[in-house]
Amino acid sequence: MLSLGWHYVVLPENTGSAGIWPAPPTVPLSAVRRHFTSGAIWGCSCPCPPSSFPKAQLLHCRLTASSFNGAYFALQVIYARRKYKVSPPDTAGPPEFERVFRAQANCSEYFPIFVSVLWVAGIFFQQGVAAVCGLLYLYARYQYFQGYTLSAHGRLGPMYFSAKVLWILIGLSVAGLLVHFLSLNSFVGRMEIPSKLQLLFRW
Ligand SMILES: CC/C=C\C/C=C\C[C@@H]1O[C@H]1/C=C/C=C/C=C\C/C=C\CCC(=O)O
Ligand SMILES: N[C@@H](CCC(=O)N[C@@H](CS)C(=O)NCC(=O)O)C(=O)O
């Protein structure tokens, strides 16, 4: 399993008082990327607050939009519960209620995958491309929710579209990670593949 995630980053050359992230606000994404992959970060499991990535504004905006999206979907279920008189823990009710309920559940299921690949693609591939994909994904999920609220069939188009965008983000993440870790450009010159692979698959 890749040990990627939100880590506090110990920065040997950026040591603040405790030698721990956050780094100065001038640190670019390339530095974040470098520190993500420096040996110093592996093994530390503390979650790193997104604000620690000073140049990742587009990703922050996208994440904020995601939060509003998620809150909106949850509110719709609350309203539907009241409207159709389905109290927790019941999840069955009239089809109108169940469609709203399932729409929110399905969007929530994919949210962790979406956020993870959004960040990895943004850091390791390109922030702008990842942010555009994030926007498209959120729009598709909103359409999915609205479509599902009206009918089961109405969800299908946006569902396929959101799946495609998600796969694109997954592809960008993998491509970004491969290029970064395997340093394909310097493959012939430096032959560092074994040590990079070791980093990549470190627990
Ligand atoms: C690491 C990978 C994690 C998640 C996978 C990413 C995306 C999710 C899958 O791509 C989504 C696939 C959806 C495929 C749907 C295919 C067919 C559905 C067919 C019919 C539905 C008809 C109906 O229910 O009415
Ligand atoms: N929670 C999903 C699990 C399976 C799944 O993720 N299916 C994909 C389609 S193959 C999906 O996006 N399903 C949501 C939907 O059909 O609305 C479900 O109820 O269908």
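The values are calculated or read from the model by the stated rules, or taken from the named source; none is laboratory data. Just so we're clear, the structure is a prediction, and the values are computed from it rather than from any experiment. For neighbour counting, all protein chains shown are included, and Cβ atoms are generated from backbone atoms with ideal geometry for every residue, glycine included. Accessible surface areas use protein heavy atoms only, side chains included; no ligands, DNA or RNA. Shrake-Rupley method; radii C 1.70, N 1.55, O 1.52, S 1.80 Å.
Roughly how many nanometres apart are two label points built 7 Å out from the Cα toward the Cβ at Leu156 and Leu135?
Those two pseudo-labels are separated by 3.0 nm.
For the stretch 83-185, state which trypsin sites (Lys or Arg not before Pro) are in a DSSP loop and have at most 13 other beta carbons lying within 10 Å of their beta carbon.
Details: sites: Lys83, Lys85, Arg99, Arg102, Arg141, Arg155, Lys164; in loops: Lys85.
Listed in order of number, the matching sites are Lys85.
What are the semi-axes of the equivalent ellipsoid for the stretch 78-176, taken as the square roots of 5 times the Cα gyration tensor eigenvalues, largest first, in whole Å?
So the equivalent ellipsoid measures 31, 13, 9 Å along its semi-axes.
Leaving ligands and nucleic acids out of the surface, order Ile113, Ile170 by accessible area at 1.4 Å, largest first. If you can, show how the numbers build up before the last one.
On the way: Ile113 75, Ile170 45 Å².
Of Ile113, Ile170, the descending order of accessible area is Ile113, Ile170.
Report, in debye and to the nearest 20, how large the dipole of the stretch 57-182 comes out about its Cα centre when Lys and Arg carry +1 and Asp and Glu carry -1 on their Cβ.
Here the size comes out at about 280 debye.
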